[in-house]
Amino acid sequence: MATLIIADCENNQLAPTTGSVISAAQEIGGDIDLFVSGHDTNDIVSNAQSIAGVRKVWVAEGEEYAHPLAESLTPLVVNLAPQYTHILASASTFGKNLLPRIAAVLDMAVVSDVCKIIAPHVYERYCYAGNILATVKNHSAIQVLTIRTTAFSHAEKKAPSSASTESISSDSINEQSRFMGIETHQSDRPDLTIANTVIAGGRGLGSKENFSIIETLAHKLNAAIGASRAAVDAGYAPNDWQVGQTGKVVAPKLYIAIGISGAIQHTAGMKDSQVIVAINKDADAPIFQAADYGLVADLFKVLPQFIELLAAR
Ligand SMILES: Cc1cc2nc3c(=O)[nH]c(=O)nc-3n(C[C@H](O)[C@H](O)[C@H](O)COP(=O)(O)OP(=O)(O)OC[C@H]3O[C@@H](n4cnc5c(N)ncnc54)[C@H](O)[C@@H]3O)c2cc1C
């Protein structure tokens, strides 16, 4: 058995979630190789080589890979695929974009959002917005899986490196799509997917200006900021803060949901958090069913008091 992991390479760095995908691969067993791509990949490659359990690092280097496009990466991975029994990526926007395309070209089934490895071809995954935990047996010759990274621990780093590297390229030219630009929200807050504490705001905040109270609280608690889809759609918060079924899946030690009703599409992305606190003025809001601690209150009254108390400490 051998697993190929397509690493999520952001800003010329390995995404921190790669360690969790490697842990999942270790539970499957067999050899583990990593596929990395980008422009000026030296840092990515040495980082990848230093992760325990990695046998080999395949490197797609070039300007055309500076911004990963599924159309450019798919032929490279498809060429490598016959050497592997499993192809894995994180269930991030990157993995969710790339793996279905690879699976389709290979004519294999894709199992998405795997949260437990039971056997090399049997997995647990959530479906129906997290309401059902399904056990899935996949009969495909090559198992193509996206991994819910919050469900797996991070593989340890080691030194010095021992994984070999090999460059790869493809003759096929991607004429279907090209990178035009990217709009990201620059923030000095911790990464939402790996933060210990997440403060999330919903439509209850009422406006983009009011959302700044979430930012102030997050700053005080050194927390990442999340948002419900309704808050994102209303323009209160940027898209990459969205938590939930169609946003990011998080499992911090502490998740504070403020002015969020707790629709299943939202709780699908945060219900594995260790401690959930909810603040909502409606005592019947479904978020209280997911919460360990609930405060029925007007957020505009209690948050300033909370922030004042934190400042006093
Ligand atoms: C296919 C699909 C995918 C989806 N994906 C996602 C997803 O990934 N993430 C996601 O979040 N949603 C998702 N949704 C949307 C989801 O169904 C809900 O509409 C959304 O989560 C609601 O956001 P909200 O709780 O912020 O807003 P609302 O439902 O409007 O709730 C606002 C809450 O704020 C409270 N409130 C108002 N004022 C105050 C105040 N002053 N003080 C305290 N509390 C107050 C209210 O009591 C209410 O409970 C998806 C929906 C679909 C159909």
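The values are calculated or read from the model by the stated rules, or taken from the named source; none is laboratory data. Everything quoted here is computed from the prediction, not taken from an experiment. All Cβ positions, glycine included, derive from the backbone under ideal geometry; neighbour counts span all protein chains shown. The accessibility values were calculated without ligands, DNA or RNA, using every heavy atom of the protein model including side chains. Shrake-Rupley method; radii C 1.70, N 1.55, O 1.52, S 1.80 Å.
Below, the figures for the structure above:
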{"read-out": "Close pairs (6 angstrom Cβ cut-off, 6 or more residues apart or separate chains): of a type outside the set (A, V, I, L, M, F, W, C) in the range 278-297, open to solvent by less than 70 Å² (accessible area, probe 1.4 Å) and within 8 Å of the ligand (Cβ to nearest atom) anywhere", "value": "ASN280/ILE287; LYS281/ASP298; PRO286/GLY262"}
{"read-out": "Count of the range 80-131 residues which are out of contact with any Gly (no Cβ under 8 Å at 6 or more places or on another chain), closer than 22 Å to GLY30 by Cβ and polar (S, T, N, Q)", "value": "3"}
{"read-out": "For SER273: the one exception among (1) open to solvent by 20 Å² or more (accessible area, probe 1.4 Å); (2) under 26 Å from THR184 (Cα atoms); (3) away from the ligand (no atom under 13 Å from the Cβ); (4) in contact with a Lys or Arg (Cβ under 9 Å, 6 or more places away or on another chain)", "value": "(1)"}
{"read-out": "The range 235-255, residues that are modelled with pLDDT under 95, within 7 Å of the ligand (Cβ to nearest atom) and among the polar types (S, T, N, Q)", "value": "GLN245, THR246"}
{"read-out": "Strands (runs of 3 or more DSSP E) lying entirely in the range 151-234 (those with 3 or more residues that are open to solvent by less than 30 Å² (accessible area, probe 1.4 Å) and either closer than 30 Å to GLU27 by Cα or within 16 Å of the ligand (Cβ to nearest atom) (or both))", "value": "197-201, 224-227"}
{"read-out": "Residue in the range 256-263 that is crowded, with 19+ Cβ neighbours inside 10 Å, more than 7 Å from the ligand (Cβ to nearest atom) and of a type in the set (Gly, Ala, Ser) present", "value": "yes"}
{"read-out": "Residue within the range 220-227 that is out of contact with any Phe, Trp or Tyr (no Cβ under 9 Å at 6 or more places or on another chain) and under 30 Å from ALA66 (Cβ atoms) present", "value": "no"}
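Residue-wise test of (1) closer than 27 Å to VAL122 by Cα; (2) outside any helix (DSSP H, G or I); (3) in the same structural domain as VAL243 (by TED's automatic domain parsing); (4) not polar (S, T, N, Q).
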{"residue": "ASP43", "(1), (2), (3), (4)": "no, no, no, yes"}
{"residue": "VAL54", "(1), (2), (3), (4)": "yes, yes, no, yes"}
{"residue": "HIS67", "(1), (2), (3), (4)": "no, yes, no, yes"}
{"residue": "SER72", "(1), (2), (3), (4)": "no, no, no, no"}
{"residue": "VAL78", "(1), (2), (3), (4)": "yes, no, no, yes"}
{"residue": "ALA81", "(1), (2), (3), (4)": "yes, no, no, yes"}
{"residue": "ILE87", "(1), (2), (3), (4)": "yes, yes, no, yes"}
{"residue": "LYS96", "(1), (2), (3), (4)": "yes, no, no, yes"}
{"residue": "ARG101", "(1), (2), (3), (4)": "yes, no, no, yes"}
